[in-house]
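Participant: Sharing a structure with you now.
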Amino acid sequence: MCSPIAPITRIGPTTATVDTPGGPAAVTVRHSWDLRTRINTTHRHWALPSGDEARDKIPRRVLFPQELERCAEVSGFEVLDMSDGTRKGLTGPAAYTVARRAQR
């Protein structure tokens with residue numbers, strides 16, 4: 001499972017070009033963080049090859065590593081590994097968690 005474990009608090013938007021079936025689209029991305037609810041929201045503005053524009057947002061609840069482990073345990077899972085894919089421990093905003101159903 002891949003889950004956010006820290007908020008993305010980047011200042012200012014980033015832009016990228018994304019290949020779509022209609023041609024390259026420009027996407028501008030910014031992030032907002034609500035500490036009270038621990039919701040990290042990704043806001044995207046798309047400039048499509050047709051000239052149309054679209055906006056979407058992706059809210060994600062941030063579960064800190066110990067909280068994620070505890071949620072797995074109370075749900076009957078044993079966490080086997082948690083990594084951010086860098087082989088340097090947990091240094092990024094997301095973690096890959098490997099768990100298995102606990103033996104009863």
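Participant: From the residues in region 19-42 that are without any contact (Cβ under 8 Å) to a residue 12 or more places away in the chain and assigned to a strand (DSSP E or B), which one is nearest to Cys71 (Cα to Cα)?
Facilitator: Filtering region 19-42 for residues that are without any contact (Cβ under 8 Å) to a residue 12 or more places away in the chain and assigned to a strand (DSSP E or B), the one nearest to Cys71 (Cα to Cα) comes out as Asp34.
Participant: I would also like to ask the following. Which is buried (at least 16 other Cβ atoms within 10 Å of the Cβ), free of Cβ contacts under 8 Å to residues at least 40 places away in the same chain and more than 22 Å from Thr91 (Cα to Cα), of Ala47, Ala16?
Facilitator: When all the criteria are applied, what remains is Ala47.
Participant: Got a number for residues in region 50-72 being within 15 Å of Pro4 (Cβ to Cβ) and either without any contact (Cβ under 8 Å) to a residue 12 or more places away in the chain or of a type in the set (Lys, Arg) (or both)?
Facilitator: Here the count works out to 6.
Participant: Being over 14 Å from the mean Cα position of the chain (by Cα) and exposed (fewer than 13 other Cβ atoms within 10 Å of the Cβ) is the filter here; which residues of region 79-90 pass it?
Facilitator: Hits for region 79-90 are Leu80, Asp81, Thr86, Arg87, Lys88, Gly89.
Participant: Also: Can Leu80 be described as in a loop (DSSP other than H, G, I, E, B) and touching a strand residue (DSSP E or B) at 6+ places or on another chain (Cβ under 8 Å)?
Facilitator: It is false that Leu80 is in a loop (DSSP other than H, G, I, E, B) and touching a strand residue (DSSP E or B) at 6+ places or on another chain (Cβ under 8 Å).
Participant: Something else about it: All but one of (1) in a strand (DSSP E or B); (2) closer than 23 Å to Ala16 by Cβ; (3) open to solvent by less than 40 Å² (accessible area, probe 1.4 Å) hold for Ala95; which doesn't?
Facilitator: Of everything listed in (1) in a strand (DSSP E or B); (2) closer than 23 Å to Ala16 by Cβ; (3) open to solvent by less than 40 Å² (accessible area, probe 1.4 Å), Ala95 misses just condition (2).
The values are calculated or read from the model by the stated rules, or taken from the named source; none is laboratory data. In this text, all values refer to a predicted model and were calculated from it rather than measured experimentally. Positions of Cβ are generated from backbone atoms using ideal geometry, with glycine treated the same way; all protein chains shown enter the neighbour counts. To get the accessible areas, we keep the full protein, side chains included, count just its heavy atoms, and leave off ligands, DNA and RNA. Shrake-Rupley method; radii C 1.70, N 1.55, O 1.52, S 1.80 Å.
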